[in-house]
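Visitor: I'd like to ask you about the structure that follows.
The values are calculated or read from the model by the stated rules, or taken from the named source; none is laboratory data. Computed from a predicted model, the values in this text were never measured in an experiment. Heads up, the Cβs are rebuilt from the backbone with ideal geometry, glycines too, and the neighbour counts pull from every protein chain shown.
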Amino acid sequence: MRHAIITAGSKGLGRMVTEAFLAKGYAVTVNYRSDEKAVVDLKTKWEAAQDRLQVIKGDMTRREDIDALVEGAYRRFGRIDCLINNAGPFVFTRKPIIDYSEDEWFEMINGNLTSVFRLVKKVVPIMRRQHFGRIITYGFQNADVAPGWIHRGPFASAKTGLVSLTRTIALEEAAYGITANMVLPGLIEDDMKEATIAMAREDRKKRTPIGRSVTGEDIARTILFLCAEDSEMITGAVVDMTGGKDVINRMRS
């Protein structure tokens, strides 16, 4: 039985990814930081799969919490096949780069980039022994071309750095049967993070050229595909999931 670690996997996009993996028959170790209610809800919904579901509390900006997550996941299931790096802080207060404090800067860098580096260092040796591994990271629309993002500089800097890190892992670990890919979901409004494709099709707001918003289900389906055993030829890829909005932006540039 394959086993996936999903950080921040109890709600939002992470919740949709967790449920997709559980539905596919994976064992899943879910990390969460503080929302106990979301954890209770997840466990209740998936009570029949409790033998395949483990939940571990921790802050992915703390090295000791990362160590505890990986060690607890491996101890319970004896292997780690997929690492889904869903956790990462976002900038909600917009301001010029010079107005960010050092603490705000390092919160973005550590939460979105350093945390992945630390998780990968813990997980890759296990994946090497298995000669199998799937690592997924998240970016933002067009992150692969390193665009500037006015008033969200620290977040953009961390995520564009993560593009390079993801591709470096893909190159360095290919010989061990490990792939690394990034998904770029664009900006998903809160009401779409735990939405299904069917729900988005009923939404009357035309949010993308395709005619609907990208949803948590879209992201989960893509990640599940990238993590499949026979998806090994897709590595170092950056997958834009924007319903065509990234194509518009590039045409205008």
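Visitor: Residues being within 17 Å of the chain's Cα centre (by Cα) and of a type in the set (Gly, Ala, Ser): count how many of those fall in the stretch 167-183.
Guide: 2
Visitor: Note down all Cβ pairs under 7 Å where the first residue falls in the stretch 97-120 and is free of Cβ contacts under 8 Å to residues at least 12 places away in the same chain, the second is part of a helix (DSSP H, G or I), and they're at least six residues apart or on different chains.
Guide: No pair meets every condition.
Residue by residue, here is whether (1) over 18 Å from ASN31 (Cβ atoms); (2) of a type in the set (S, T, N, Q) holds:
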| position | (1), (2) |
| --- | --- |
| ARG79 | no, no |
| ASN85 | no, yes |
| VAL116 | no, no |
| LEU119 | no, no |
| VAL123 | no, no |
| ILE126 | no, no |
| ALA156 | yes, no |
| THR179 | yes, yes |
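Visitor: Which of the residues belonging to the stretch 62-94 are at pLDDT 95 or above and touching an Asp or Glu at 6+ places or on another chain (Cβ under 8 Å)?
Guide: Of everything in the stretch 62-94, just one residue is at pLDDT 95 or above and touching an Asp or Glu at 6+ places or on another chain (Cβ under 8 Å), namely ASP65.
Visitor: Can you find a residue that is free of Cβ contacts under 8 Å to residues at least 40 places away in the same chain, surrounded by fewer than 22 Cβ atoms within 10 Å (Cβ to Cβ) and assigned to a helix (DSSP H, G or I) anywhere in the stretch 223-232?
Guide: Looking through the stretch 223-232, at least one residue is free of Cβ contacts under 8 Å to residues at least 40 places away in the same chain, surrounded by fewer than 22 Cβ atoms within 10 Å (Cβ to Cβ) and assigned to a helix (DSSP H, G or I).
Visitor: Then there's this: So how many residues does the stretch 49-66 have that are within 18 Å of HIS3 (Cβ to Cβ) and loosely packed, with under 14 Cβ neighbours inside 10 Å?
Guide: 2
Visitor: Here's something else I'd like to know. Give GLY139, GLY161, GLY133 a once-over and let me know the one that is at pLDDT 95 or above and crowded, with 20+ Cβ neighbours inside 10 Å. Break it down stepwise before answering.
Guide: On the way: GLY139 fails: at pLDDT 95 or above; GLY161 fails: crowded, with 20+ Cβ neighbours inside 10 Å.
Of GLY139, GLY161, GLY133, the one residue that is at pLDDT 95 or above and crowded, with 20+ Cβ neighbours inside 10 Å is GLY133.
Visitor: May I pose another question? Any chance the stretch 93-106 includes a residue that's within 18 Å of ILE178 (Cβ to Cβ), charged (D, E, K, R) and surrounded by 14 or more Cβ atoms within 10 Å (Cβ to Cβ)?
Guide: No, that holds for no residue.
Visitor: Same structure again: Kindly indicate whether GLY186 is free of Cβ contacts under 8 Å to residues at least 24 places away in the same chain and outside any helix (DSSP H, G or I). Lay out the reasoning, then the answer.
Guide: Numbers: free of Cβ contacts under 8 Å to residues at least 24 places away in the same chain: no; outside any helix (DSSP H, G or I): yes.
Answer is no for this residue.
Visitor: While we're looking at this one, here's another question. Looking only at the stretch 189-214, which residues are in contact with a helix residue (DSSP H, G or I) (Cβ under 6 Å, 6 or more places away or on another chain), under 13 Å from GLY243 (Cα atoms) and either in a helix (DSSP H, G or I) or touching a residue at least 40 places away in the same chain (Cβ under 8 Å) (or both)?
Guide: ILE197
Visitor: Give just the number: which of (1) of a type in the set (D, E, K, R); (2) surrounded by 15 or more Cβ atoms within 10 Å (Cβ to Cβ); (3) over 22 Å from GLY12 (Cβ atoms) does ARG152 not satisfy?
Guide: Condition (3) is where ARG152 drops out.
For every residue, the table says whether it meets (1) under 14 Å from the mean Cα position of the chain (by Cα); (2) small (Gly, Ala, Ser); (3) closer than 23 Å to GLY58 by Cβ.
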{"residue": "HIS131", "(1), (2), (3)": "no, no, no"}
{"residue": "TYR138", "(1), (2), (3)": "yes, no, yes"}
{"residue": "GLY148", "(1), (2), (3)": "no, yes, no"}
{"residue": "SER157", "(1), (2), (3)": "no, yes, no"}
{"residue": "THR160", "(1), (2), (3)": "no, no, no"}
{"residue": "SER164", "(1), (2), (3)": "no, yes, no"}
{"residue": "LYS193", "(1), (2), (3)": "yes, no, yes"}
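Visitor: The conditions are (1) assigned to a helix (DSSP H, G or I); (2) modelled with pLDDT of 90 or more; (3) within 20 Å of GLY148 (Cβ to Cβ); (4) of a type outside the set (Lys, Arg), and ALA175 fails exactly one of them. Which is it?
Guide: (3)
Visitor: Also: Anything in the stretch 142-179 that is out of contact with any Gly (no Cβ under 7 Å at 6 or more places or on another chain) and of a type in the set (A, V, I, L, M, F, W, C)? List them, or say none.
Guide: Passing the criteria: ALA143, VAL145, ALA146, TRP149, ILE150, PHE155, ALA158, LEU165, ILE169, ALA174, ALA175.
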